[in-house]
Amino acid sequence: MKAFTELYYELDATTKTLPKVEALTRYFLRTKPEDSIWAIALLVGNRPKRPVKSSDLKAWATDLAGIPEWLFGDSYSVVGDLAETITLLINSTSDKVSEISLNELMRELGAMASLTDAEKKERVLGYWKTLAPQELYVFNKLITGAFRVGVSKLLVFKALSKAYQIEEKVIAHRFIGNWKPTDTSLLDLLKEDEFLDATSRPYPFCLAYALDVEWSALGRIEDWQIERKYDGIRGQIIVRNKELFVWSRGEELLTDKFPEFEELKYDLPDGTVIDGEILPIVNGKIRSFNQMQKRTTRKALTKKILQEVPLKMVCYDLLEKDGKDLRDLPLQERRRLLEEVVTNSKACNSSLVLAPLLSCNAWEKLDQLRNEAKAVGCEGLMLKRKDSNYETGRKRGKWWKWKVDPYSVDAVLIYAQAGHGRRANLFTDYTFAVWDGDVLVPFTKAYSGLTDKEIIEVDAWIKKNTLEKFGPVRSVTPHWVFEIAFEGINESPRHKSGIALRFPRIARWRKDKPLSEANTKEDLLNLLHATQ
Amino acid sequence: MFLQFDKDGIYCAQAGVYIDPWKPVDKAIITHAHSDHARRGSKSYLAHHDSRGILEYRLGQEIQLETLGYSEPVIMNGVRISLHPAGHITGSSQVRLEYKGEIWVVSGDYKVMPDGITTPFEPVPCHHFVTESTFGLPVYNFPDAATLDADLKSWCCKNLNAGKSCVLIGYSLGKAQRILSSLHDMPSPVILHGAIYNTNTALGLSNERYTRYAAGIKKTFQEPLIVVAPPSVIGSSWLRQFEPYELGVCSGWMQLRGARRRRNADMGFVMSDHADWKGLNEAVLATGADHIYVTHGYKSIYAKWLTEQFGLDAVTVDTLYEGEALEQPDTETTEEEDEAA
């Protein structure tokens with residue numbers, strides 16, 4: 001607990017990558033593996049279930065601080081973080097250093113689930129009354145919700161790699177998929193000689209950055225493989241020991257959701273891993289992401305829905321063949337093998353489709369190809385160097401994504417709500433409206449896109465121009481127009497406006513635009529019909 | 001009501017005087033020299049002796065200013081008026097007004113915890129008490145001066161030993177002087193931003209130990225420096241010349257992690273000129289007043305708390321005071337001062 005608290009504060013104290021990796025490495029070097037495994041789990045977001053309900057925590061803290069319930073609520077909405085609110089209200093003056101290790105504490109918290117409410121309260125209050133402020137905060141972080149300290153998986157793996165002298169790529173691979181800190185030994189995990197021991201384990205996905213360099217920096221166009229960029233579920237199809245596993249990029253095992261791929265376990269040779277995009281395709285046409293969501297959010301897969309929204313994988317990479325890791329082969333070679341595997345499969349052109357390669361002989365002409373994407377249900381282009389290996393995670397240089405320009409609409413800010421965490425106590429969550437006759441109808445929320453400076457400016461304006469307060473939400477005088485960018489538009493019976501946007505965000509604050517020039521509901525409906 | 005909160009400020013009709021008006025008036029009593037309380041344009045001003053230099057520096061040498069010591073009464077049309085220490089910054093005062101046995105106290109901004117350089121806050125018994133509520137939430141519990149001193153020093157030592165300069169951010173009037181007092185025995189050279197250097201001069205403090213910032217000054221020193229500057233420099237290119245440095249921000253808002261992260265501070269020191277939760281409650285209760293007027297800050301929350309918890313008649317009133325501004329541009333630095341930097 002002591003070492004982990006120090007680590008937490010070191011990570012929190014800097015926004016720079018290098019000191020974070022150094023702090024993590026020091027931690028792994030001086031900490032026992034049974035504690036480290038918990039730290040890894042907590043930092044990469046593989047945390048156990050919460051042992052205590054947050055409503056109980058709120059009630060106990062309110063009680064201990066001797067304040068009424070509403071005042072706890074008001075404090076929480078200002079602080080924006082439950083663990084921090086409780087810590088500040090308890091206002092510990094202890095300077096003791098706790099003896100308990102992270103492993104012991106996490107196991108104790110895990111075992112708490114089976115205790116009675118009164119016993120839980122006694123345990124938690126025991127910690128609240130004795131821990132010093134910093135440990136108290138970290139303790140509260142452990143028993144409440146999210147545990148974010150601005151550390152990506154990649155940084156954790158980088159540090160582990162340094163501390164244990166094992167290649168980063170291997171570490172990332174070992175920690176992918178389902179593992180629980182309660183029954184995983186760090187040393188055993190790192191000791192594994194053959195990565196294929198775990199039959200279901202996928203490879204860490206290779207990700208691309210958005211294109212932000214000049215064509216000249218990319219060299220000759222002939223050296224690049226050009227594919228479409230798909231808007232589906234990125235996934236890996238794995239066949240090993242006559243078993244099939246389908247993983248999403250979010251490291252969820254989705255095999256059961258996709259009965260379409262069931263047959264592949266007899267069809268594809270053992271030791272095959274394909275990287276691609278799972279998409280609803282009917283008569284060769286890609287359907288909207290909306291339809292896909294209908295499929296994936298459904299609990300029971302009926303015959304009807306399977307027929308209505310059949311899924312296929314558009315295959316674009318081969319990571320393993322005959323049980324051999326191909327990631328260090330050049331893309332061109334992997335593509336050749338991929339074509340071989342897919343065309344030899346019975347599923348070829350039914351559940352497996354090869355991602356078509358596009359040809360283009362000059363960078364200047366590429367923009368035209370990109371703009372065709374929307375018409376065929378794609379998001380843009382992928383540019384991959386033909387000699388590129390398959391990297392672990394997001395790396396610059398070898399793979400680029402080049403999306404089509406988003407749609408945009410000019411909308412009016414009408415409601416605001418305070419944000420959380422870094423944005424606590426600042427109005428950063430906005431609701432926007434368009435004109436319907438002379439009425440403004442709300443149609444979307446957007447949270448991001450403004451600079452910190454703009455956020456502060458908007459926040460100050462909101463505080464001075466509030467019309468009404470409904471709980472945490474404020475309505476404001478309609479005044480400012482913002483350009484909202486989004487990736488798609490769909491019908492939605494759940495929204496008052498009847499439409500739902502995909503990935504809405506603020507593109508620009510249109511200080512130059514008068515209120516009357518914001519878009520109308522009709523404009524949105526026209527766009528909806530045009531895209532369907 | 002004896003005091004009215006009107007469009008120009010807090011007004012006492014009987015005495016014909018405003019307290020901290022935000023529009024120009026004939027007669028103004030100024031609780032302290034921060035720019036949201038002391039504004040230009042009034043015909044005459046009354047304030048504490050210790051505020052003279054800084055008020056003349058900020059509002060102009062030509063202002064018509066009368067000053068008083070603490071507890072020295074003046075009578076205006078039958079109203080007995082006196083100033084009492086508010087513990088906020090140098091010269092800061094609570095204004096006590098007594099008329100026909102009824103006593104009102106306007107506390108301006110105040111701090112109950114002693115800071116070692118400001119005349120400590122004194123509770124003034126009254127019937128009607130006007131209080132701020134900048135930190136009127138139970139999550140604000142500030143460390144005492146000794147703890148703060150120790151934290152500041154050890155942070156500076158750690159950075160200086162690592163060969164890094166320490167840039168400390170605090171308002172030029174109030175916070176900056178406290179930072180300097182905490183660090184008075186550090187051996188490193190101390191550079192002051194022009195706004196702070198000038199404010200020190202206006203306060204009658206010695207700048208003997210400090211170097212006023214001037215372009216290229218970094219080159220004249222071999223060793224890492226301590227730099228004290230107002231919040232307006234955060235995010236500016238001005239800071240870059242002190243690389244490598246660590247940034248420490250001094251403000252009550254630093255109690256919250258979100259505020260710390262927003263400012264990109266390497267370190268946040270919870271240092272405030274305002275009362276924390278405990279301080280506010282102590283101050284309000286010590287006056288014995290039944291009627292409380294809650295101004296700038298978490299006023300509706302704090303008024304509700306006073307009503308429910310202590311059975312006081314607490315209401316909120318609107319003023320244009322800003323409390324401890326963290327998000328707004330530094331109101332303490334005028335353009336002229338920025339150029340001076």
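For residue B:307 and residue B:285, the difference between the fully extended length at 0.36 nm per residue and the C-alpha to C-alpha distance is 6.7 nm.
Remark on chain A: hydrodynamic radius 26.5 angstrom, per the Kirkwood mean of 1/r across alpha carbon pairs.
Using a probe radius of 1.4 angstrom, the carbon and sulfur fraction of the accessible surface of the protein assembly as shown is 50%.
Express the C-alpha Rg of the stretch B:202-274 as a ratio against the empirical globular expectation 2.2 N^0.38 Å, rounded to two decimals. Write down the numbers at each step before the final one.
Values: Rg = 14.2 Å, N = 73, 2.2 N^0.38 = 11.2 Å.
That ratio works out to 1.26.
I'd like the distance between the alpha-carbon centres of the stretch B:74-123 and the stretch A:464-490, rounded to an integer number of Å. If you average the Cα positions of each part, the centres end up 43 Å apart. On the basis of the beta-carbon distance and an R0 of 25 Å, residue A:95 and residue A:32 show a calculated FRET efficiency of 0.50.
List the trypsin sites (Lys or Arg not before Pro) within the stretch A:367-422 that fall in a DSSP loop (any state other than H, G, I, E or B) and whose Cβ has at most 11 other Cβ atoms within 10 Å. It would help to have the intermediate numbers written out before the result.
Working: sites: A:370, A:374, A:384, A:385, A:386, A:394, A:395, A:396, A:398, A:401, A:403, A:422; in loops: A:386, A:395, A:396, A:398.
Sparse-neighbourhood loop trypsin sites (Lys or Arg not before Pro): A:396.
Counting only DSSP beta bridges with both residues in the stretch B:1-150, what percent are antiparallel, rounded to the nearest 5? It would help to have the intermediate numbers written out before the result.
On the way: 21 of 33 bridges.
Beta bridges within the stretch B:1-150, antiparallel portion: roughly 65 percent.
Roughly how many Å is it from the Cα centre of the stretch B:142-192 to that of the stretch B:216-274, as a whole number? Taking the Cα centre of the stretch B:216-274 as reference, the centre of the stretch B:142-192 is 10 Å away.
Give me the accessible area per residue for the stretch A:291-395, probe 1.4 Å, as a whole number in Å². Could the numbers behind the result be given before it?
On the way: 5300 Å² over 105 residues.
It amounts to 50 Å² per residue over the stretch A:291-395.
Provide the buried accessible surface between chains A and B in square angstrom, both chains summed, 1.4 Å probe, rounded to the nearest 100.
2300
Residues of the stretch B:128-150 buried by at least 20 Å² of accessible area upon assembly of all protein chains, compared with the chain on its own (1.4 Å probe): B:137, B:138, B:139, B:141. For the stretch B:240-267, heavy-atom accessible area (probe 1.4 Å) falls by no less than 10 Å² from the chain alone to the full protein assembly at B:255, B:256, B:257, B:258, B:260, B:261, B:262, B:264, B:266.
Remark: spin-label model distance residue A:53-residue A:253 equals 3.1 nm, labels positioned 7 Å along the Cα→Cβ axis. Cβ-Cβ distance of residue A:170 and residue A:502, R₀ of 41 Å, FRET efficiency by 1/(1 + (r/R0)^6): the value works out to about 0.65.
Over the stretch A:2-143, give the accessible area per residue in Å² for a 1.4 Å probe, as an integer. Per residue, the stretch A:2-143 has 44 Å² of solvent-accessible surface. Taking all protein chains as they are arranged and a probe of 1.4 Å, the heavy atoms of residue B:320 leave approximately 90 Å² accessible to solvent. At a probe radius of 1.4 angstrom, the accessible area of chain B per residue rounds to 38 square angstrom.
So if each residue of separation counts as 0.36 nm, and I subtract the Cα-Cα distance between residue A:328 and residue A:200, what length gain in nm does that give?
Details: separation 128, 0.36 × 128 = 46.08 nm, distance 2.07 nm.
Length gained, residue A:328 through residue A:200: 44.0 nm.
Find the centroid of the Cα atoms in the stretch B:14-44 and in the stretch A:307-324, then give the distance between the two in whole Å. Going from one Cα centre to the other spans 75 Å. Springs between Cα atoms under 10 Å define the GNM used for chain B, and in it the highest mean-square fluctuation of B:314, B:214, B:265 occurs at B:214. So for the stretch B:145-269, considering every pair of alpha-carbon atoms, how many percent are separated by more than 21 Å? Counting pairs separated by more than 21 Å, the tail of P(r) holds 34 percent.
Nearest 10 degrees is fine. How inclined is helix B:299-310 to the longest principal axis of chain B, computing both from alpha carbons? That works out to roughly 60 degrees. If R0 is taken as 35 Å, the Cβ-Cβ distance between residue A:357 and residue A:453 corresponds to a FRET efficiency of 0.20. Label-to-label distance for residue B:157 and residue A:495 is 5.8 nm, based on points extended 7 Å past Cα in the beta-carbon direction.
Cα convex hull of the stretch A:87-214: how many Å³ per residue?
Working: hull volume 25.3 nm³, N = 128.
For the stretch A:87-214, the hull spanned by Cα atoms encloses 198 Å³ per residue.
Once the Cα atoms are used to define both axes, helix B:145-161 deviates from the longest principal axis of chain B by about 20 degrees. Within the listed set B:29, B:191, B:117, the residue fluctuating most in the Gaussian network model of chain B (springs between alpha-carbon atoms under 10 angstrom) is B:117.
Over chain A, what is the percentage of antiparallel beta bridges among all DSSP beta bridges, to the nearest 5? Mind dumping the intermediate values first?
Details: 74 of 84 bridges.
Once the DSSP bridges in chain A are tallied, antiparallel ones form about 90 percent.
The label-point distance for residue B:146 and residue A:217, in a model that sets each label 7 Å from Cα toward Cβ, rounds to 5.7 nm.
The values are calculated or read from the model by the stated rules, or taken from the named source; none is laboratory data. These numbers come from a predicted model, not from an experiment. Cβ atoms come from the backbone with ideal geometry, glycine included; neighbour counts cover every protein chain shown. Side chains are part of the model used for accessible areas, which takes the heavy atoms of the whole protein and leaves out ligands, DNA and RNA. Shrake-Rupley method; radii C 1.70, N 1.55, O 1.52, S 1.80 Å.
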